[in-house]
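Structure first, commentary second.
The values are calculated or read from the model by the stated rules, or taken from the named source; none is laboratory data. Computed from a predicted structure; not experimentally measured. Every residue, glycine among them, receives a Cβ derived from its backbone with ideal geometry; neighbour counts consider all protein chains shown.
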Amino acid sequence: MRPELTAQRSAYPRRRTAKASIAIHVARRFPASAERVFHAWLDPAIAGRWLFATATRPIASVEIHPRVAGSFRFIDQRHGGRVTYGGEYTDIVPHRRLGFILRSDADRHVATRVRVEIAPWKQGSALTLLHEGVPPEYASHTRARWIGMLYGLAATLELLALS
């Protein structure tokens, strides 16, 4: 190593504490094809019914630009206020994989990473979700929300199949 680089590096203090984070794993099977499940993540009309929504409160506004480095934004109106969920797509492999960075108004300084894997399975598909970088204080709530959202995805796909 060159001496001048060593001197420059030592002039900057190192961070001694790293904020702990949790990785959340959630899996679910769907009686729908991998193509239909994948499409439900990127079609604004479908995603607004289940992604960041609840059974009693669909998302008020959805913008999705489905390409790598493309963005998304979901606006949730609640109790006279609003919460925005947004981020950027980092990985899109049609019908197989979706990766994105996720942020919300709840904690603007936290950016987490979500990876969704979808695979054909018997008469439908299997989805595995990995959400990394979740602050420990949000882990339980975040896991419960993903379970609820994937339940909502299943219900949405079922309703679409009936129409």
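Of note:
- Selected residue (criterion: surrounded by the most Cβ atoms within 10 Å (Cβ to Cβ)) from residues of the range 60-79 that are in contact with a Phe, Trp or Tyr (Cβ under 8 Å, 6 or more places away or on another chain) and polar (S, T, N, Q): SER71
- Looking only at the range 91-147, and only at residues there that are within 13 Å of the chain's Cα centre (by Cα) and small (Gly, Ala, Ser), the one that is surrounded by the fewest Cβ atoms within 10 Å (Cβ to Cβ): ALA111
- Among residues of the range 17-54 being part of a helix (DSSP H, G or I) and of a type in the set (D, E, K, R), the one that is surrounded by the most Cβ atoms within 10 Å (Cβ to Cβ) is ARG49.
- Residues that are touching a Ser or Thr at 6+ places or on another chain (Cβ under 7 Å) and either without any contact (Cβ under 8 Å) to a residue 40 or more places away in the chain or over 18 Å from LEU102 (Cβ atoms) (or both), drawn from the range 34-54: ALA34, VAL37, ILE46, ARG49
- Every test in (1) under 23 Å from GLU158 (Cα atoms); (2) touching a residue at least 12 places away in the same chain (Cβ under 8 Å) is passed by ASP105 save one, and that test is (1).
- Subset tally (residues that are modelled with pLDDT of 95 or more and in a loop (DSSP other than H, G, I, E, B)) for the range 67-79: 4
- Only one of ARG82, ARG57 that is free of Cβ contacts under 8 Å to residues at least 40 places away in the same chain, exposed (fewer than 13 other Cβ atoms within 10 Å of the Cβ), in a strand (DSSP E or B) and out of contact with any Pro (no Cβ under 7 Å at 6 or more places or on another chain): ARG82
- Checked against the criteria, SER125 counts as farther than 23 Å from PRO58 by Cβ, polar (S, T, N, Q) and either in a strand (DSSP E or B) or in contact (Cβ under 8 Å) with a residue 40 or more places away in the chain (or both).
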